[in-house]
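Participant: There's a structure below that I have some questions on.
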Amino acid sequence: MKSFVVSLLICLTLLSCSKDENASTITEFEITGQFLAPNGFDPISNARVRAYQNNELKSQTRTDAQGHYSLTITKGNYTLVVNKGKFKTERNISVENDLEIETLSIETLPHIAVVTGLYDNIESVLYSIGLVNPVTGEPLFDIIDGNSGLDRVAINNNSKHHQEHGASLRNTPNPLLQPNVNFSFEDLLNDSNLLNTYDIVFLNCGLSEAYIGNSGVLETYVANGGILYTTDWAAEYLNAITNSGTDYLTPYNPAKSGTSTSTVATILEGDLSQWLLLNYNISIDDTVEIDDFLYSWQVIDSYDSSTTISWLNGPVSYWDDANTEIYENKDLAFTFLHGEGGVFYSSFHTENNDVEDVTNVERIMQFLVFEMSDIE
């Protein structure tokens, strides 16, 4: 009996050692790579990187400011999902050793609508990040006519100091602005089902102001998960979302009174500053030149810091209601969440002419296009 007990203890000890040995021999491997915009050049920072096995999440991380990532997983077959909001790509990978994955570019895109305006050209940013068919040159987003129903006389008379904005009415429209769908901005606002087919909607400065009374449709769209980008004069389409300027952002009155056309702004968010510096050698001292204001731009008087992020602040000039020119620092670009969705607003424009070089402003907008989409 004693001999049996001793033998049993020996067997149990050996079995335990065997288990410990097997556990210690489980090998983990490092998976590395880089995530880029659809153009294959511009890094996507703070994107989610996740490895799934049989639909079960096994490992996850985020990309750094230059789009690089590293995660640790064991031997096996995985689905690697890399995304920044609805901008996404996937790969099936087999892991047997450390693995350096080929550079991945965004392949799955959100459904995007751009509403044209007389002055701004946000779609130039979408072209620059690669949202264009490389063979046909056609945009991979819808361009909607925002100028039908436009009262041009009203726009010209809407500000005491409209020379720069007003002059744009005589310019030849940028060819990138040509609508490619058979419905207008008015149609979009009158059809919530159509509006809700879009994940992201851009409203350019200088679109028709005839439908501002319909801004409640946009409030519902954002509250239900939509993402809205607006610039300069399109601020009035945020009325229902901001409760007429009581929430999030308060536009300055008199409206459209900005006079300065450039500023050296301080970058208030470190992620943006680091991305600009490491990838493009911009913002060495956390400042950047913003030179895409048009005369008579909409100044934001104040914002709620508990709900809203200000990205840039700089010295500018504008007219008060006594026709006195004021010089002081103002916040210039904002993002905030509303319901299940979010809003971006900037007082400045994107480049409104055809140039080969990507401007500082376009770089900032590239970052914020992806950043604002990541509201999972």
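The values are calculated or read from the model by the stated rules, or taken from the named source; none is laboratory data. Keep in mind that what you see is a predicted model, and the values were worked out from it rather than measured. Positions of Cβ are backbone-derived with ideal geometry, glycine not excepted, and every protein chain shown enters the neighbour counts. Each accessible area value is taken on the protein alone, full model and side chains, heavy atoms only, with ligands, DNA and RNA left out. Shrake-Rupley method; radii C 1.70, N 1.55, O 1.52, S 1.80 Å.
Participant: I'd like the residue in the range 106-123 that is hydroxyl-bearing (Ser, Thr, Tyr) and over 30 Å from Thr74 (Cβ atoms) and, out of all such residues, is nearest to the chain's Cα centre (by Cα).
Facilitator: In this case the residue turns out to be Thr116.
Participant: If you don't mind, another one. Looking only at the range 336-355, count how many residues are modelled with pLDDT of 90 or more, open to solvent by 10 Å² or more (accessible area, probe 1.4 Å) and not acidic (Asp, Glu).
Facilitator: Number satisfying all stated conditions: 3.
Participant: Please go through the range 64-77 and pick out each residue that is within 20 Å of the chain's Cα centre (by Cα) and open to solvent by 50 Å² or more (accessible area, probe 1.4 Å).
Facilitator: Within the range 64-77, Asp64, Gln66, His68 qualify.
Participant: Looking only at residues that are hydrophobic (A, V, I, L, M, F, W, C) and part of a loop (DSSP other than H, G, I, E, B) in the range 250-283, which one is farthest from the chain's Cα centre (by Cα)?
Facilitator: Restricting to residues being hydrophobic (A, V, I, L, M, F, W, C) and part of a loop (DSSP other than H, G, I, E, B), the top hit is Ala255.
Participant: Go through Val369, Val358 for me and flag whichever is over 18 Å from Asn243 (Cβ atoms), under 19 Å from the mean Cα position of the chain (by Cα) and open to solvent by 40 Å² or more (accessible area, probe 1.4 Å).
Facilitator: Residue meeting the stated conditions: Val358.
Participant: Looking at (1) open to solvent by less than 70 Å² (accessible area, probe 1.4 Å); (2) out of contact with any helix residue (DSSP H, G or I) (no Cβ under 8 Å at 6 or more places or on another chain); (3) over 23 Å from Leu276 (Cβ atoms); (4) part of a strand (DSSP E or B), which is the only condition Thr61 fails?
Facilitator: The failed condition is (3).
Participant: Here is a further query. Kindly indicate whether Thr242 is touching a Leu at 6+ places or on another chain (Cβ under 6 Å), open to solvent by less than 30 Å² (accessible area, probe 1.4 Å) and closer than 21 Å to Thr230 by Cβ.
Facilitator: yes
Participant: Inspect the range 91-105 for any residue being modelled with pLDDT under 95 and within 16 Å of the chain's Cα centre (by Cα) and give the result as yes or no.
Facilitator: No - not one qualifying residue is present in the range 91-105.
Participant: Return the residues of the range 124-138 that are in contact (Cβ under 8 Å) with a residue 12 or more places away in the chain and either under 15 Å from Phe202 (Cβ atoms) or under 20 Å from the mean Cα position of the chain (by Cα) (or both); say none if nothing qualifies.
Facilitator: Ser124, Val125, Leu126, Tyr127, Ser128, Ile129, Gly130, Leu131
Participant: Return a yes/no flag: does the range 280-300 have any residue that is in contact with a strand residue (DSSP E or B) (Cβ under 7 Å, 6 or more places away or on another chain), open to solvent by 20 Å² or more (accessible area, probe 1.4 Å) and within 22 Å of Thr242 (Cα to Cα).
Facilitator: No, the range 280-300 contains no residue that is in contact with a strand residue (DSSP E or B) (Cβ under 7 Å, 6 or more places away or on another chain), open to solvent by 20 Å² or more (accessible area, probe 1.4 Å) and within 22 Å of Thr242 (Cα to Cα).
Participant: Next question. List the pairs whose first member sits in the range 285-297 and is closer than 14 Å to Ser346 by Cα, whose second member is surrounded by 18 or more Cβ atoms within 10 Å (Cβ to Cβ) and of a type in the set (Asp, Glu), and whose Cβ atoms are under 8 Å apart, counting only residues at least 6 apart or on separate chains?
Facilitator: Listed pairs, sorted by first residue: Asp292/Glu351; Leu294/Asp232; Trp297/Asp232.
Participant: Related question: For Ile364, only one of the following conditions fails: (1) open to solvent by 50 Å² or more (accessible area, probe 1.4 Å); (2) touching a residue at least 60 places away in the same chain (Cβ under 8 Å). What is its number?
Facilitator: Result: Ile364 fails condition (1) only.
Participant: Open to solvent by 10 Å² or more (accessible area, probe 1.4 Å), of a type outside the set (D, E, K, R) and at pLDDT 95 or above: does that describe Thr307?
Facilitator: It is true that Thr307 is open to solvent by 10 Å² or more (accessible area, probe 1.4 Å), of a type outside the set (D, E, K, R) and at pLDDT 95 or above.
Participant: Ok, one more. Hey, any hits in the range 328-335 for a residue that's among the aromatic types (Phe, Trp, Tyr), closer than 27 Å to Ser45 by Cβ and crowded, with 18+ Cβ neighbours inside 10 Å?
Facilitator: Checked the range 328-335: at least one residue is among the aromatic types (Phe, Trp, Tyr), closer than 27 Å to Ser45 by Cβ and crowded, with 18+ Cβ neighbours inside 10 Å.
Participant: So which residues in the range 39-60 are farther than 22 Å from Val369 by Cβ and under 20 Å from the mean Cα position of the chain (by Cα), if there are any at all?
Facilitator: none
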